[in-house]
Amino acid sequence: MIRPLDNACRSSRDLSGVWHIAFDPDENGEAQGWHQGLARESALPIAIPGSWNEQLAEAGYMNYVGSAWLEVRFWLPPLAPGDEAVLRFGSVDYHADVWINGQPAGRSGAAMLPFEVPLDGLADPGSEVTLVVRVSNLLPVDGPTQRVTQSDYITEGRYRDEYLPAVRFDFFPYGGINRPVHLVTRPRAGLRDYRLTIDTETIKVHCALHEGQRLVASLSGFGGTWRGEAEGPDAAVRLAPDPARLWSPEEPNLYTLQLDVHAADATLIDRVTQRVGLRSFAVDGTQVLLNGAPYTLQGFGKHEDSPIHGRGLNPPQMIKDFRLLKWCGANSVRTSHYPYAEEFLDLADELGLLVIDEVFSINLDFRKVNAATLAAHKQAVAELIARDVNRTCVIAWSLSNEPGYLAESDYRTHSPAYWRELFGHARSLDPSRPLTHANVGYAGNDDPAFAEADLLMINRYHGWYSEPAQLDRAVARLNADFDAIAAHGKPILVAEFGADALAGQHASYDQLFTEEYQARFIRAYWQAITAHPAVVGGHIWAFADFRTAQHGRRVVHNLKGVFTRTREPKMAAWAVRELWCDEG
Ligand code: BDP
């Protein structure tokens, strides 16, 4: 999927700004004609991108789960001959139906991923357009992250698990248009997609051209330009800069790739550009190799979460986060627990950060998994790979977080076939990257998904949820897990480990929720991680405190951040800097 671009052949206009919203708890907005536009007197202003929750808390929508209608009017300029206009949504959480000038125009696909809506036949170039989006933050029952309602807690006898709003995950179910919406114009006869295959020497470009078209691909940077040409429905160009400057977190060297499509008479039809680096990432026995050399992954699990914006894109905070990640010496993150904004991946490419790209699938409950769940999960994997496959920073696909969390016996009986199918599907779409998933202790050290994964991620909280404040016992259990999982003969990454700390809470002895205990916990785990031959690194949970749904276990936020939600360092952040930076 090609990003919105501005160049000689394409244009993109960001429709971010103040839109209007009307909430529809009874689902009768369409009957009232809201798809044709919202009456100003019944609508509230809302900033886009941004979640409705904190923005409109005082209007009563902090915990709102359900449908809401959002509207904006924009000017569609006259189109150049041969061009088409589409709307491109970065993501709408979690589902969107779109109307243009009162006509149904399209809907979103997998949650937390982009989708396009064509304007053809629905809006006249050179006119004002009314765009209405019905958004729902209620998850589908059969999605890769399954819906939970308040009554599920009761019917399943899980009173102690009850959250407000109801969720089966430990973060806030923000609703709204959380990433930018772009008005894109592009040539109808232009590129719709292309595929890059990257290693340490070459960048190979594959795309489908129409009859009579010619692709001129060029790679430039570091004083040189390398070119190649191809044509046909299976056009392929191999670009090999010499000398090759490799990309890594330590030295994020990027080239600029330009793909020009020419007509038979040599006129330029389309142009696509992207920044790209030369690198390889591979699993080798119980090691991972970056550019051919063993590499230790050190970093964090994160969330897209910030005060007031909610999950809405917050560029200043994103820049700050990258500075703090570098300040800590982090070289990698997992996009826990859903695909992050493409703007985040742009910075990861440019500033050098390895990304384990995770699909939105959390705590899959195999008592409720069916054929529709698998189909939706495969679709979400396909859409994630389609969006991010050309990224330099993306080193692996994570297909699920903590399935089998409820230790349901169905997990052991039903999941092997499910994983075989899902991992096989992902591998067929991208054979070049390792596949993984995040194992929860309840699913066992012989988690059926380990048979399919290339890299074994494990989330462990010995010393927190078990063995509280007893680091010796915790580390002994962690090492026992390492030894048991090492029997699979694959590299292990501790994808989550961490302890809550309330900034400003201190003790001279091991005490949960203190800054000292969080720092000591991280040091003890890091020592065990670096000492075990089959463990290739660790990602601390979490980078920063984040808002969760309401539950007695959470003090507004999950406090496992080494930074507070407003990005002040706790003691643990300084400890991590000492562990990960030579100059720390
Ligand atoms: C893990 C989950 C993560 C939670 C974390 C925790 O993957 O989303 O926030 O536990 O409990 O199980 O802090």
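The values are calculated or read from the model by the stated rules, or taken from the named source; none is laboratory data. This structure is a prediction, so every number in the text was calculated from the model and none was measured. Here the Cβ is made from the backbone with ideal geometry for all residues, glycine too, and neighbour counts use every protein chain on show. SASA here: full protein model, heavy atoms, side chains in, ligands and nucleic acids out. Shrake-Rupley method; radii C 1.70, N 1.55, O 1.52, S 1.80 Å.
Odds and ends about this structure:
- Chymotrypsin sites (Phe, Trp or Tyr not before Pro), loop per DSSP, at most 16 other Cβ atoms within 10 Å - longest free stretch of the chain: 223-464
- The stretch 48-91 shape via C-alpha gyration tensor axes, a/c threshold 1.5: prolate
- Protein-only accessible surface order, largest first, of Asp365, Asp124 at 1.4 Å: Asp124, Asp365
- Under the shape rule built on the C-alpha gyration tensor, where the axes satisfy a ≥ b ≥ c, the chain is oblate, since a/c reaches at least 1.5 while a/b does not exceed b/c.
- Förster-model FRET efficiency, 51 Å R0, Thr149 and Ala8, C-beta, rounded to 0.05: 0.50
- Going by accessible surface with a 1.4 Å probe and the largest first, Ile308, Ile458 read Ile308, Ile458.
- Each pair of Cα atoms in the stretch 287-355 enters the Kirkwood radius, and Stokes-Einstein at 10 °C and 1.306 mPa s then converts it into a translational diffusion coefficient of 123 µm²/s.
- Proximal lysines to Lys326, defined as alpha-carbon separation beneath 24 angstrom and excluding residues fewer than eight positions away on the same chain: Lys302, Lys560, Lys570
- Longest exposed-site-free window of the chain, the sites being trypsin sites (Lys or Arg not before Pro) in a DSSP loop that have at most 13 other C-beta atoms within 10 Å: 368-552
- Across the chain, Cα pairs under 8 Å and at least six residues apart give a relative contact order of 12 percent.
- Antiparallel beta bridges, as assigned by DSSP with both residues in the chain, represent about 75 percent of the total such bridges.
- Among the GluC sites (Glu not before Pro) found in the stretch 147-219, those both in a DSSP coil and sparsely packed, with 15 or fewer other Cβ atoms within 10 Å of their Cβ, are Glu156, Glu201, Glu211.
- Once the convex hull of all Cα atoms in the stretch 467-513 is built, its volume per residue stands at 78 Å³.
- Rounded to the nearest whole angstrom, the semi-axes of the ellipsoid equivalent to the stretch 68-201, taken from the Cα gyration tensor as √(5λ), stand at 36, 21, 11, largest first.
- Descending semi-axes in Å of the stretch 458-584, equivalent ellipsoid built from Cα gyration tensor: 24, 16, 14
- Between the stretch 303-365 and the stretch 211-257, the Cα center-to-center distance that results, in Å: 27
- Share of carbon and sulfur in the accessible heavy-atom surface of the stretch 365-511 [1.4 Å probe, %]: 54
- Efficiency of FRET between Ala208 and Leu289 - r from beta-carbon atoms, R0 30 angstrom, step 0.05: 0.40
- Förster radius 25 Å - calculated FRET efficiency between Trp574 and Ile319 (Cβ-Cβ, nearest 0.05): 0.70
- By the rule of a C-alpha distance below 18 Å, with chain neighbours fewer than 8 residues away ignored, the lysines paired with Lys378 are Lys368.
- Calculated on the Cα set of the stretch 202-274, radius of gyration then Dmax: 13.4, 45 Å.
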